[in-house]
Amino acid sequence: MTPQDIAKRAVGMAAVERLVAPGMKLGLGSGSTSEWMVRALGERVRAGLDVVGVATSTGTATLAREVGVRVIELDEAGELDLTLDGADEIDHRLRMIKGGGACLLREKIVAAASRRMVAIVDESKVVTTLGAFPLPVEVVRFGWRSTRKHVLELLARHGMKGREVSLRGGEDDPLLTDSGHVLLDCRLGAIADPEALERELNRIPGVVENGLFCSFANAVLVGRPDGTTREIAPTG
Ligand code: 5RP
């Protein structure tokens, strides 16, 4: 295992150990850190813990069932007690970029249905300014080039003229999300006003959702390569 894998495993296990209680309805995130969390949850379930999970992707649903976690639909669950999910970047105000694993739409719906959302990340994800990681924007396939033009115009109004915005997977074989949409990856460098960008991207016709999660995380647990974890208190 790489030092980063050790950190991801540590934070996934710590989150389950510290935050999950019997009877909870849980949102289960996607990505490699969330996989460790789901595996740790499976162990607890096999030892008798009674919880149900709502998965943020088909991959997570499959893994959760494999390890023994009962998976139900969000509409069956109603409000969730807690969602545990990874992030591609998180700043000290707990604003995140998500969607590196192409699951941002369901991740945001599940986070929005949760009373509490805790981000589980390794140190490499903690940044002072969001934007080095390409921001994913989920758009419907119909007219995606036209939608991209509007995204580029919005970015220019936000002082990010001429940034690269590419179709994930390429035009010959674009990646399709679990909901059948495509993703535009926006290489922005630094995002000056994440709240405004999150809001305004979603006003463009054709944009389904974007990977900025500015007001979702209530806390963040950070795993370290030595197997320990720390919690970041939000600032600002
Ligand atoms: C998937 C996500 C993931 O949470 C994010 O990509 C982090 O993944 P990992 O834990 O593998 O680093 O947003 O859409």
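The values are calculated or read from the model by the stated rules, or taken from the named source; none is laboratory data. For clarity, every value in this text was computed on a predicted model and none was experimentally measured. Note: ideal-geometry Cβ built from the backbone for every residue, glycine included; neighbour counts use all protein chains shown. With ligands, DNA and RNA removed, areas are computed over all heavy atoms of the protein, side chains included. Shrake-Rupley method; radii C 1.70, N 1.55, O 1.52, S 1.80 Å.
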Would you please list the contacts, defined by Cβ atoms under 9 Å and residues six or more apart or on different chains, that run from a residue in the range 160-184 that is free of Cβ contacts under 8 Å to residues at least 60 places away in the same chain to a residue that is open to solvent by 80 Å² or more (accessible area, probe 1.4 Å) and assigned to a strand (DSSP E or B)?
-> Arg163/Arg187; Glu164/Arg187; Val165/Arg187; Ser166/Arg187
State yes or no: is Glu76 away from the ligand (no atom under 13 Å from the Cβ) and more than 19 Å from Ala217 (Cβ to Cβ)?
-> yes
From the residues in the range 72-93 that are surrounded by fewer than 17 Cβ atoms within 10 Å (Cβ to Cβ) and either β-branched (Val, Ile, Thr) or closer than 30 Å to Ala132 by Cα (or both), which one is farthest from the chain's Cα centre (by Cα)?
-> Ile72
Kindly provide the set of residues from the range 123-144 that are within 12 Å of the ligand (Cβ to nearest atom) and crowded, with 22+ Cβ neighbours inside 10 Å, ordered by number.
-> Lys125, Pro134, Leu135, Pro136, Glu138
Residue satisfying condition, being among the aliphatic types (A, V, I, L, M), in a helix (DSSP H, G or I) and in the same structural domain as Ala119 (by TED's automatic domain parsing), within set Leu84, Leu63 = Leu63
Scanning the range 2-16 residue by residue, the ones that are in a helix (DSSP H, G or I), open to solvent by 10 Å² or more (accessible area, probe 1.4 Å) and either within 14 Å of Ser30 (Cα to Cα) or not hydrophobic (A, V, I, L, M, F, W, C) (or both) total 5
Scan of the range 89-122 for residues that are within 12 Å of the ligand (Cβ to nearest atom) and farther than 21 Å from Ala61 by Cβ, ordered by number | Glu89, Ile90, Met96, Ile97, Val121, Asp122
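For every residue, the table says whether it meets (1) assigned by TED's automatic domain parsing to the domain that holds Met117; (2) of a type in the set (Lys, Arg); (3) closer than 30 Å to Trp36 by Cα.
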residue	(1), (2), (3)
Leu175	no, no, yes
Asp193	no, no, no
Glu198	no, no, yes
Ile204	no, no, no
Val222	yes, no, yes
Restricting attention to the range 137-179, the residues that are of a type in the set (Ser, Thr, Tyr) and outside any loop (DSSP other than H, G, I, E, B) number exactly 3
